[in-house]
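Everything on this sheet refers to the single structure shown next.
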Amino acid sequence: MRNRSGRHFLQIPGPTNVPGRVLEAIGRPTIDHRGPEFADLGLACLEAMRRVFRTDGRVFIFPSSGTGAWEAALVNTLSPGDRVLVYETGHFARLWAEVARRLGLVVETIEGDWRSGVDAGSVAEALSRDTGEPPFRAVAVLHNETSSGAASDVPAVRRVLDAGNHPALLLVDTISSLASMPYEHDAWGVDVTVAGSQKGLMLPPGLGFNAVSEKAWRAGEEAKLARSYWDWRAMDGANAAGYFPFTPATNLLFGLKEAVAMLEEEGLEQVFERHRRFAAATGRAVQAWGLDFNCLPPEHRSASLTAVRVPDGFSADALRAVVLERFDVSLGNGLGRLQDRVFRIGHLGDLNEVTLIGTLAAIEMGLSIAGAPFQRGGVDAAMDHLAAGPGTPD
Ligand SMILES: *Cc1c(COP(=O)(O)O)cnc(C)c1O
């Protein structure tokens, strides 16, 4: 590929742009993961992630993708044949359900429309209709469905479980929302939260996380799915002193410590507010262009990405190709049944107003070059919103 001047804009909904401070931290010489210096790093990372997950409980860090952390959440809490209810909000929920099936769990899904978040009423209905024996052992939902751009009300799902006194564990994927959108592992009563390094945490891919409630930990003592690499118990023993039962991703942990320091210097609340504001500005652009949001209910629209539908007969992938080729900006593609119907704008992680405006300008130019039926003025509408500053109503 030819050299290009300027910086590539990685505006897909993960991996996200990795800030220089984090890259520098990662670039430090690798240290002995069994030596004294490592223990401080290990303990600092575990403590930092407790603050990000908002939990006083256990957090585990695996050298893995998010998919690995999905598997860890399942094999540590469940037994072969256990029934799991998965809410299919989109492509990623479907993939998590497939992981569960391949592990020997009995998965039932609530079919979503891939255009909205979890409807807690449908979860209540599925649980009350359920006459299966034994009852569901786990309910799995995504806090933020990255394929559809829809976020979900996790506390509403918790309330449904509590109202029926249902014993199921609540498993939540926050891979594209953690550190971008408000999240409370303890206060929301989540049993296992799954996360990954490459989205809101501003790191390269390569770390997977589980935050674990006391109830999930106890379930782990009975769980009979085969587990070795993902076993929380071996992790827990070594983590107590800041170490790992196998070689950890030492350099990514350097980066993690730095990334959380950056998030806390800005203030997590301000980070969330920035993401909300950028989502609102992006929404203004989409409306001005006369394009449709993939996520229909405005209150479900994600703060970390926006999935935009293209007019019938027009190819989203053709637009993405133009925007990349001409302006060196990467946009997310449509996944699964949304392939070529949707393009996704990542506005999470390390970005500012100008990054966002640059991205939206590339899209507006791309729509024009590709001959899409649309109206100009999206960038102007976004600029008006951003110029009004923090605190402006969405
Ligand atoms: C990115 C993503 C995943 C997949 O994570 P990998 O690191 O690619 O395994 C899963 N769930 C959600 C919600 C995601 O956004």
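The values are calculated or read from the model by the stated rules, or taken from the named source; none is laboratory data. Not measured: the values here are computed from a predicted model. Using ideal geometry, Cβ is built from the backbone for each residue, glycine included, and neighbour counts are taken over all protein chains shown. These area figures cover heavy atoms from the full protein model, side chains too; ligands, DNA and RNA do not enter into them. Shrake-Rupley method; radii C 1.70, N 1.55, O 1.52, S 1.80 Å.
What trypsin sites (Lys or Arg not before Pro) does the range 1-82 have in DSSP loop regions with at most 13 other beta carbons within 10 Å?
2, 4, 7, 34
In a shell of Cβ-Cβ distance under 9 Å around residue 378, excluding residue 378 itself, what net charge do Lys and Arg (+1) and Asp and Glu (-1) give?
Details: positive: 284, 376; negative: 364, 380.
Net charge in that neighbourhood comes out at 0.
Using only Cα atoms, tell me the angle between helix 120-129 and the longest principal axis of the chain; keep it within 0 to 90° and round to the nearest 10.
The angle comes out at about 40 degrees.
Among 223, 382, 179, which one shows the highest mean-square fluctuation when the chain is modelled as a Gaussian network with alpha-carbon springs under 10 Å?
In the Gaussian network model the winner is 223.
Starting at the first residue of the range 264-278, write each ³J(HN,Hα) from the Karplus equation 6.51 cos²θ - 1.76 cosθ + 1.60 with θ = phi - 60°, in whole Hz, x for Gly and Pro.
7, 5, 5, x, 4, 4, 5, 4, 5, 4, 4, 4, 5, 5, 5
Run through all the Cα pairs of the chain and give the fraction in each 20 Å bin from 0, expressed as whole percent.
Result returned by the calculation: 28, 56, 16, 0.
Stretched out fully, how many nm does the piece from residue 24 to residue 79 gain, at 0.36 nm a residue minus the Cα gap?
Gain in length upon complete extension: 15.5 nm.
Taking a ≥ b ≥ c as the square roots of the eigenvalues of the Cα gyration tensor of the range 1-116, is the shape rounded (a/c under 1.5), prolate (a/b larger than b/c) or oblate?
Verdict is oblate for the range 1-116.
How large, in percent, is the carbon and sulfur part of the accessible surface of the range 247-354 at a probe radius of 1.4 Å?
It is 47 percent, rounded to a whole number.
Using alpha-carbon positions, what is the distance between the centroids of the range 156-177 and the range 293-341, in Å?
30 Å
Under unit Cβ charges (Lys, Arg +1; Asp, Glu -1), what dipole magnitude, rounded to 20 debye, does the range 154-209 have relative to its Cα centre? Walk me through the intermediate numbers first.
On the way: 3 positive and 5 negative charges, 26 e Å.
The dipole magnitude comes to about 120 debye.
Magnitude of the Cβ-charge dipole of the range 65-146, K/R +1 and D/E -1, about the Cα centre, nearest 20 debye?
Values: 7 positive and 12 negative charges, 42 e Å.
Approximately 200 debye in magnitude.
Using only helices, what value at 222 nm comes out for the chain when you add -39,500 (n - 2.57) per DSSP H run of length 4 or more and divide by the total residues, to the nearest 500 deg cm²/dmol? Before the final figure, lay out the partial values.
On the way: 13 runs with 162 residues, N = 394.
My calculation for the chain gives -13000 deg cm²/dmol from helical runs alone.
Give me the 1.4 Å probe accessible area per residue for the chain, excluding ligands and nucleic acids, in Å².
Accessible surface, normalised per residue, equals 40 Å².
Can you spot the lysines whose alpha carbon is less than 27 Å from residue 224's alpha carbon? Ignore those fewer than 8 places along the same chain.
215
Where nothing but the Cβ of Lys and Arg (+1) and of Asp and Glu (-1) is charged, how large is the charge dipole of the chain around its Cα centre, in debye to the nearest 20?
720 debye
Please find, in a Gaussian network model of the chain (springs between Cα atoms separated by less than 10 Å), the residue of 67, 30, 359 whose mean-square fluctuation is greatest.
Highest fluctuation of the listed residues: 30.
Distances longer than 21 Å among the Cα atoms of the range 211-346: what percent of all pairs is that? Mind dumping the intermediate values first?
On the way: 5868 of 9180 pairs.
When all Cα pairs of the range 211-346 are counted, 64 percent exceed 21 Å.
Using the Cα centre of the range 1-138 as origin and beta-carbon charges of +1 (Lys, Arg) and -1 (Asp, Glu), tell me which of 22, 85, 41 is placed farthest towards the positive end of the dipole.
About the Cα centre, the residue reaching furthest to the positive side is 22.
Using only C-alpha positions, report the orientation-averaged shadow area of the convex hull of the range 173-277, nm², one decimal.
7.5 nm²
Need the list of lysines near residue 257 for cross-linking: C-alpha distance under 26 angstrom, and skip anything on the same chain fewer than eight residues off.
Cα-Cα hits under 26 Å: 199.
Positive end of the charge dipole of the range 269-394 (Lys, Arg +1 and Asp, Glu -1 on Cβ, about the Cα centre): tell me which of 272, 391, 338 has its Cα farthest that way.
338
If a/c stays under 1.5 just call it rounded; otherwise compare a/b with b/c (prolate if a/b is bigger, oblate if not). Do that for the range 57-170, with a ≥ b ≥ c from the square roots of the Cα gyration tensor eigenvalues.
rounded
If I fit a long axis through the Cα atoms of helix 316-327 and take the longest principal axis of the Cα atoms of the chain, what angle between them do I get, 0 to 90°, rounded to 10?
Value to nearest ten degrees: 70.
When the accessible area of the range 101-219 is computed with all protein chains present and a 1.4 Å probe, what percentage of it is carbon and sulfur?
Accessible surface attributable to carbon and sulfur in the range 101-219 totals 50 percent.
Just to check I understand the Karplus step: with θ = phi - 60° and J = 6.51 cos²θ - 1.76 cosθ + 1.60, what whole-Hz values come out for the range 283-296, glycine and proline as x?
Values, residue by residue: x, 4, 5, 4, 5, 5, 5, x, 9, 9, 6, 5, 7, 6 Hz.
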